[in-house]
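First up is the structure itself, then whatever we jot down about it.
Each value in this text was obtained by applying a stated rule to the coordinates, not by laboratory testing. Just so it is clear, the structure is predicted and the values come from calculations on it, not from any experiment. Neighbour counts run over all protein chains shown; Cβ positions are idealised from the backbone, glycine included.
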Amino acid sequence: MPVTFEHTTLPNGLTVIAETDPAAHTAACGFFVKTGARDERSEVMGVSHFLEHMMFKGTARRTAEDVNREFDELGASANAYTTGEMTCFYASVLPEHLTRATDILADIMRPALRQTDFDTEKGVILEEIAMYQDQPFWVLYERAMEEYYGRHPLAHRVLGTARTITDLQRDQMQAYFDARYSADNTTVALAGRVDFAEAVDQIASLCGRWTRTAAARGTGTPAVVDRTFTLRDAKVNRGYLLMIAPAPSAQDDRRYAAAMLSQILGAADNSRLHWALVEPGLAEEAQAAFDPRDGCGDYYAFAAADPDRLDEVAAAIDREIDGLVASLTQDDLERLRNKTATGAALAGERPGGRMQRLGRLWTYLGRYQTLEDELARINAVTLDDLRRVAADFPFRPRTVGRLLPE
């Protein structure tokens, strides 16, 4: 039987969507909350990620140990993540365990937020921040995002800073939770062997009393200009270069062409940057990527090399960007079509992947798009589409950052 899309909205505004497949061997459920670092006030930066941790620390019905034990008893693949724009809590299980897994997920979505747990977990978050400060890419990337986005909330760091996390109070977290973790700001996505009517009845009984808050998000396009900066760090002995520039948003149909163009420029292998920088030994790492966001997007290019050759690396990246359109061939397009379509299809073969795709797309677009339609959109991209998106988003204006030894 084919995969069937089903959708309902509860009276309190909670959206429930599913791709049901009676032939699937597993089932998956995810709670997607449209909130992340960009929805925080600057003084509580990092509260979304901190709150994600706190969701697993117990509820009125379960202790933290109960949550871990019960997921383990189900053999569940369960986890959570926070981005700049959404927070997701999910589990994949055998179909006979979906009801219980959904019960656990719905329960942790209303955490106890005990002060003792808050104080303990704050130390864990601070350790995580310190760990990322030892990774040169993240040091440079976070600073570059701040320089690029300026006062726009997309400049916020997902983990926050040592200062904002140290100063954060439990009541500030509660206020953020009350405002953002509302019924009308949450989507429950299911996939696999799911009885949709039964699942909706269960979710309504578990979440039907959640309130609406009409949580909103500003999606204005940030004003960006050319800028450069240099960081020095005694812990590094290589040179690192990062460029960020405007790109299509998650709602923009040009995102398919932009994703392919960034792969041609800077995929891990067989890309323009690989052959210009890595293969001849000019850099040990070079990549480019496209990040579609809510209302805007960005490209980035990154390289790591001998500090004394970083100017040469920057010039080579400029040459590859400037010559990219003229160098495009039909072979490039066919290769990227196949690679992109294969990645999308592989992710959609398992209910867990379908659930993630379904929840993320609905959170960004507020509508359903079949995997087959997405593959068709990928296969419909032409060389002219690649040229047009390159003209519309020419990797300028750009923020260019360097991280060098002290």
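How large is the convex hull of the C-alpha atoms of region 4-207 per residue, in Å³?
Details: hull volume 27.2 nm³, N = 204.
Per residue, the Cα convex hull of region 4-207 comes to 133 Å³.
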Next item on the list: Set the Förster radius R0 to 25 Å, insert the Cβ-Cβ distance between Asp178 and Glu73 as r into 1/(1 + (r/R0)^6), and round the FRET efficiency to 0.05.
Entry: 0.20
Checklist line | Using a Förster distance of 25 Å, the FRET efficiency for Asp306-Arg227 (Cβ separation, nearest 0.05) | finding: 0.50
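Name the shape class, rounded, prolate or oblate, that the alpha-carbon gyration tensor gives for the chain, where a ≥ b ≥ c are the square roots of its eigenvalues, rounded holds for a/c under 1.5, and otherwise prolate holds if a/b is larger than b/c and oblate otherwise.
Numbers: a/c = 2.04, a/b = 1.35, b/c = 1.51.
Oblate.
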Next item on the list: Could you please rank His25, His53, placing first whichever residue has the fewest other Cβ atoms within 10 Å of its Cβ?
Entry: His25, His53
Next item on the list: At 4 °C and 1.567 mPa s, grab the translational diffusion coefficient of region 101-145 from Stokes-Einstein with a Kirkwood Rh over Cα pairs, rounded to a whole number in µm² per second.
Entry: 99
Checklist line | Rh (Kirkwood; distinct C-alpha pairs) - region 227-405, Å | finding: 17.3
Next item on the list: Provide, for q = 0.18, 0.21 Å⁻¹, the log10 of I(q)/I(0) from a solvent-free Debye sum over equal Cα point scatterers in region 66-183.
Entry: -1.14, -1.29
Next item on the list: Please give the residues of region 15-51, grouped as numeric ranges, whose backbone N is less than 19 Å from a label point set 7 Å along the Cα-to-Cβ vector of Thr166.
Entry: 42-47, 50
Checklist line | Straight-distance crosslink candidates among lysines, where the alpha carbon sits under 19 Å from Lys122 and sequence neighbours closer than 8 are dropped | finding: Lys57
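For Ala391 and Thr63, what does the FRET efficiency come to when R0 = 51 Å and r is the distance between their Cβ atoms, rounded to the nearest 0.05?
Details: r = 57 Å, r/R0 = 1.12.
The computed FRET efficiency comes out at 0.35.
If you count the DSSP beta bridges with both ends in region 4-207, what percent of them are antiparallel, to the nearest 5? Intermediate results must be reported in sequence, preceding the final value.
Values: 28 of 34 bridges.
Bridges in region 4-207 that DSSP calls antiparallel: roughly 80 percent.
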Note to self: List the residues, sorted by chain then number, that are 5 or more residues from Asp233 or on another chain and whose placed amide H is less than 5 Å from its amide H.
What the structure shows: Leu404, Glu406
Item checked: Beta bridges by DSSP in region 227-405, antiparallel share as percent, to the nearest 5 -> 75
Next item on the list: Just rank Thr370, Thr20, fewest to most, by other beta-carbon atoms within 10 angstrom.
Entry: Thr370, Thr20
